[in-house]
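Asker: Got a structure for you, questions after.
Every number in this text was worked out from the coordinates using simple rules, so none of it is lab data. Source: prediction; values computed, not measured. Cβ atoms come from the backbone with ideal geometry, glycine included; neighbour counts cover every protein chain shown.
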Amino acid sequence: MIDQQFQFLSEDDKYRALSRLLEREMDGSRLLIFCETKRGCDAVTRQLRTEGWPALSIHGDKSQQERDWVLAVSILPACCTAACCTVRMLHACLHHTSV
């Protein structure tokens, strides 16, 4: 089952809201976070990993082998174009437009 939640937040509040949501909702399921750009995707991944979350990014600059490998992690920031085919495999979706 896919559970989508929408919140309209200022740029400054987006990452804090994402952190709160992860702390509240993460139960070991895989999680896909849509980011607007590849750069934003990598920035969200760095922030999540700094906080101890098992996150890796997936986007068009990654090889298919890298994309296949990262699908095994729990939190997956993804640029929208690279993530379209993976949505059906994941339990929850978030949209994070920038960091």
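Asker: Would the range 27-44 turn up any residue that is closer than 14 Å to PRO77 by Cβ, free of Cβ contacts under 8 Å to residues at least 12 places away in the same chain and more than 14 Å from the chain's Cα centre (by Cα)? Break it down stepwise before answering.
Answerer: Of the residues in the range 27-44, the ones closer than 14 Å to PRO77 by Cβ are 30-44.
Imposing the further condition that a residue be free of Cβ contacts under 8 Å to residues at least 12 places away in the same chain reduces the set to 39.
Then drop every residue that is not more than 14 Å from the chain's Cα centre (by Cα), which leaves none.
Looking through the range 27-44, none of the residues is closer than 14 Å to PRO77 by Cβ, free of Cβ contacts under 8 Å to residues at least 12 places away in the same chain and more than 14 Å from the chain's Cα centre (by Cα).
Asker: Here's another thing I want to ask about it. Scan the range 45-66 residue by residue and report those that are without any contact (Cβ under 8 Å) to a residue 24 or more places away in the chain, under 19 Å from ARG20 (Cβ atoms) and of a type in the set (S, T, N, Q).
Answerer: Once the filter is applied, which keeps residues that are without any contact (Cβ under 8 Å) to a residue 24 or more places away in the chain, under 19 Å from ARG20 (Cβ atoms) and of a type in the set (S, T, N, Q), the range 45-66 yields only THR50.
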